[in-house]
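The values are calculated or read from the model by the stated rules, or taken from the named source; none is laboratory data. Note that the structure is a prediction, hence the values are computed from the model and not measured. Because the Cβ atoms are built from the backbone with ideal geometry, glycine has one as well, and the counts that use them run over all protein chains shown.
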Amino acid sequence: MTASVLGIIGGSGFYSLPGLSNARWETVASPWGAPSDQVLFADIDGLPVRFLPRHGRGHKFSPSEINYRANIDAMKRAGVTDLVSISACGSLKEHLAPGVFVLVDQFIDRTFAREKTFYTSGMVAHVSLADPVSPLLLDELESAIKTEAIPYQRGGTYIVMEGPQFSTRAESNLYRSWGCDVIGMTNMPEAKLAREAELCYATVAMVTDYDCWHSDHEAVDVAAVIKVMKGNTQAAQRLVVTLAKHFPRVHPPCPIGSDTALSVAMITAPEARDPALLAKLDAVAGRVLKV
């Protein structure tokens, strides 16, 4: 059995956690470069928790500048078994008003300027992303969000744009025609890399605004977003504390195989594998490579 370690990646406006004991910031070195920040090691009600601010404390990195591979690798090295992304987003649906949280279950990746895999020439692997979110982790989040009486929707498609600019109106309407629920800039390739690292992953998408499709909200304004974001962050902090208090202390096997994704993913023959790349994969793929 594996002891649960809950990882939290905090997005825009979410740079700290309350209710912590034994808290300390530690530098976690990664062969994939520097993560966005140090990792906060702490406990909530006896559960080990690891927190990483996605943009760095003070919001130093734009969505395209984030080293997603280093962030996921660092969380894996910190012992994380279950990873929750807290992300600000725009709404593409009338009923998803600012302040509503969406427990996302699907993604569309429209980013193009980011490193999206750990597995390159010398060690190729193809993981399944048909179901990118771990259902048991989503169940735990839904239970916590109900306890905190936060308005929410379970299920929804998050389209990830490159940024850092917001959408044109034509783009916003295109994404609505595709049936997307929310739009943001950061959950890809994060979700892909989490699956490649055999981490159970889920997203809490916090609506800060209607995207520019909305006739009454034709332009996204940073000042207005920040105002809503403050309330969302306070709610998300309560959510995380409640989640941690009731989280299983032993990591349950993922019913869709998020935590064993590499068992059927490796395709490069052992004799053709690049030793230098294998050394970099010691954390994310150590279970199958026996590194």
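When the range 233-288 is filtered for residues that are part of a helix (DSSP H, G or I), out of contact with any Leu (no Cβ under 9 Å at 6 or more places or on another chain) and of a type in the set (D, E, K, R), the ones remaining, listed by number, are 238, 271, 280. Go over the candidates 240, 204, 220, 291 one by one and state the one that is at pLDDT below 95, within 19 Å of residue 55 (Cβ to Cβ) and not acidic (Asp, Glu). Being at pLDDT below 95, within 19 Å of residue 55 (Cβ to Cβ) and not acidic (Asp, Glu) holds for just one of 240, 204, 220, 291, which is 220. Residues of the range 60-73 that are of a type in the set (A, V, I, L, M) and not in a loop (DSSP other than H, G, I, E, B): 70, 72. For the range 32-77, a tally of residues being closer than 24 Å to residue 247 by Cβ, basic (Lys, Arg) and out of contact with any strand residue (DSSP E or B) (no Cβ under 6 Å at 6 or more places or on another chain) returns 2.
Please find, among 37, 73, 82, 45, the residue that is buried (at least 23 other Cβ atoms within 10 Å of the Cβ) and touching a Lys or Arg at 6+ places or on another chain (Cβ under 6 Å).
Working: 73 fails: touching a Lys or Arg at 6+ places or on another chain (Cβ under 6 Å); 82 fails: touching a Lys or Arg at 6+ places or on another chain (Cβ under 6 Å); 45 fails: buried (at least 23 other Cβ atoms within 10 Å of the Cβ).
Exactly one residue qualifies, and that residue is 37.
Is it the case, given these coordinates, that residue 79 is of a type in the set (Gly, Ala, Ser) and closer than 24 Å to residue 226 by Cα? The answer is no for residue 79. Looking only at residues in the range 85-99 that are crowded, with 24+ Cβ neighbours inside 10 Å and of a type in the set (A, V, I, L, M), the one that is farthest from the chain's Cα centre (by Cα) is 92.
Taking into account only those residues within the range 112-150 that are in contact with a Ser or Thr (Cβ under 8 Å, 6 or more places away or on another chain) and β-branched (Val, Ile, Thr), which is farthest from residue 8 (Cα to Cα)? Out of the qualifying residues, it is 124.
When the range 1-12 is filtered for residues that are in a loop (DSSP other than H, G, I, E, B), at pLDDT below 95 and under 17 Å from residue 241 (Cβ atoms), nothing remains.
From the list 57, 24, which one is in a strand (DSSP E or B) and more than 13 Å from the chain's Cα centre (by Cα)? Talk me through it step by step, then tell me what you get.
Working: 57 fails: in a strand (DSSP E or B).
Just a single option satisfies the conditions, and that option is 24.
Contact map, the range 135-153: residues that are without any contact (Cβ under 8 Å) to a residue 60 or more places away in the chain and assigned to a helix (DSSP H, G or I) paired with residues that are among the hydroxyl-bearing types (Ser, Thr, Tyr) and crowded, with 17+ Cβ neighbours inside 10 Å, Cβ distance under 9 Å, separation 6+ or inter-chain. Pairs shown: 142/152; 146/152. Entry remark, the range 169-189: residues being of a type in the set (S, T, N, Q) and touching a helix residue (DSSP H, G or I) at 6+ places or on another chain (Cβ under 9 Å) number 1 in total.
Is it fair to say residue 102 is under 12 Å from residue 204 (Cα atoms) and either in contact with a Cys (Cβ under 6 Å, 6 or more places away or on another chain) or buried (at least 17 other Cβ atoms within 10 Å of the Cβ) (or both)? Criteria met by residue 102.
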